[in-house]
Amino acid sequence: PEIQARLRRDAYACIHAVEEAAFPAVALAPRYGIPVIYDMQSSLPEQMLSRPGFRNRGARTALRACEAWLLERADYVVTSAGLVDHVRVVNPQADVRQWRYSSSPASASQVEIARVRETLGIPPGSRIVVYSGSFAPYQGLRELLGAMRHVLRQRPGTVFILVGAEGPGGATISDRAWDLIRTGSVHLLHRLPRESVAPYLGVADVLVSPRIHGGNLPLKIFDYLATGRPIVATDIHAHRAVLDPSRSELVEPSAEGIAAGILRLLSDAEHAARLAASAREYASQHLGWLAFVQSVGELYGEACSNPFPTE
């Protein structure tokens, strides 16, 4: 294998292995005395639950055993927000820490934001709710679709923009929301590069994260926090890793709960503005680029037993 050839040929201070790449890394690195950092962006048993063939008891048991084996052998574990508690349950002795990714503020100009309205044909004065992310089943798009229908019954004219439609999940939502797409109440957009999403976040009156389960925090939350727009998010462990009621409207993970949160923020401008300001302040204080670089430097410095520059 390529990794073994490289280990034989070159000298490495450490191996930073992302997700399943950590399996061969922890198997081979000890032979060469090289520490391994396992970059854990999700829980393997949890992620595989959505795949056919991995939902039976035997498969789940095997996946949990594989994850425990990996967490026992990695020298360092660094997780996406929300997974630290899970790691400590599986292996209390793990040297674990949590990433706080740098948020990417919605820096779109007013011209770019106005262009989104114009391009999509959204009437002036319409309130806009935006979702950005994957359309995987655990993201709660089915619940969001139900919430949209609730909201539109009480606030006709509200417009929903869903960014990131692709694969079977995107096709399913497109089929189920076709009546709303046809009338212009819903705009379904394909996945965009991260830097192209800013105008869509900027045009929002409300940002929504309807995720229904999962231990790791959706990365979109880091960008949501920096936009200065109020956030509705389901009250699950993953969101609680960064969000709380002072900077987001946390709601029951159901169509009714999500709709209630959206309606509150659309109708209570003072409350919405307070949450948005608090979210932006949190992002500014805790999710800056320099803090992230420093955390990477500290991790590498510890793993490699020498200081790394953080500038």
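How would you classify the stretch 110-286 from its alpha-carbon gyration tensor, with a ≥ b ≥ c the square roots of the eigenvalues: rounded for a/c under 1.5, else prolate if a/b is greater than b/c, otherwise oblate? Please report the intermediate quantities before stating the final value.
Values: a/c = 1.30, a/b = 1.16, b/c = 1.12.
It is rounded, given that a/c, with a ≥ b ≥ c, falls under 1.5.
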*So what are the ³J(HN,Hα) numbers for the stretch 87-101, from phi and the Karplus equation (6.51, -1.76, 1.60; θ = phi - 60°), rounded to whole Hz, Gly and Pro as x?*
4, 5, 6, 5, 9, x, 8, 5, 7, 10, 9, 10, 5, 10, 5
_Mean residue ellipticity (222 nm) of the chain, computed from DSSP H runs ≥ 4 via -39,500 (n - 2.57), nearest 500_ = -13500 deg cm²/dmol
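Relative contact order of the stretch 141-247, please, whole-number percent, based on alpha carbon pairs below 8 angstrom and at least 6 residues apart. Mind dumping the intermediate values first?
Numbers: 103 pairs, mean separation 23.8, N = 107.
About 22 percent, as a whole number.
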_Just to confirm the number: angle between the C-alpha axis of helix 167-176 and the first principal axis of the chain, 0 to 90 degrees, nearest 10?_
20
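So between Q41 and T119, what do we pick up on full extension, going 0.36 nm a residue minus the alpha carbon distance?
Details: separation 78, 0.36 × 78 = 28.08 nm, distance 3.54 nm.
Full-extension gain reported as 24.5 nm.
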*Specify the angular offset, from 0 to 90 degrees and rounded to the nearest 10, of the alpha carbon long axis of helix 255-267 from the longest principal axis of the alpha carbons in the chain.*
60
_Calculated FRET value between R176 and A68, using beta carbons and R₀ = 45 Å, to 0.05_ = 0.70
*Residue-wise HN-Hα coupling along the stretch 235-249, computed from phi with Karplus coefficients 6.51, -1.76, 1.60 (Hz; x: Gly, Pro)*: 7, 10, 4, 4, 5, 5, 4, 10, 8, 8, x, 7, 10, 6, 8
*What nm value, rounded to one decimal, do you get for the distance between H237 and Q4 when each label is placed 7 Å out toward the C-beta?*
3.7
_Evaluated over the stretch 77-183, the Cα radius of gyration and Dmax, each in Å_ = 18.8, 57
*Among 200-207, 251-258, 59-66, 4-11, the order from most to least packed when residues are scored by Cβ within 10 Å on average*: 200-207, 251-258, 59-66, 4-11
*Once both labels are modelled 7 Å past Cα along the beta-carbon direction, what's the A291-H271 spacing in nm?*
2.7
*asked:* Run the simple label-point estimate for D95 and E252 please: 7 Å along Cα→C-beta, distance reported in nm.
replied: 4.6
*Packing-based exposure ordering (other Cβ within 10 Å, fewest first) of I262, I173*: I173, I262
_If I compute semi-axes √(5λ) of the Cα gyration tensor in Å from the structure I just sent, which labelled value in (i) 71, 17, 15; (ii) 39, 22, 17; (iii) 63, 23, 15 lines up?_
(ii)
*Using the scaling law 2.2 N^0.38 Å as the reference, what is the normalised Cα Rg of the stretch 1-118?*
1.40
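What relative contact order, as a whole-number percentage, does the chain give when Cα pairs under 8 Å and 6 or more residues apart are counted? The partial results should precede the final answer.
Details: 537 pairs, mean separation 53.9, N = 311.
This gives 17 percent for the chain.
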*What's the angle, to the nearest 10 degrees (0 to 90), between helix 141-154's Cα axis and the longest principal axis of the chain?*
20
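Any read-out appearing in this document is the output of simple, stated calculations on the displayed coordinates, not a laboratory observation. From a predicted model like this one, the values you see are computed outputs, not experimental measurements. Please note: Cβ atoms are built from the backbone with ideal geometry, for glycine as well, and neighbour counts cover all protein chains shown.
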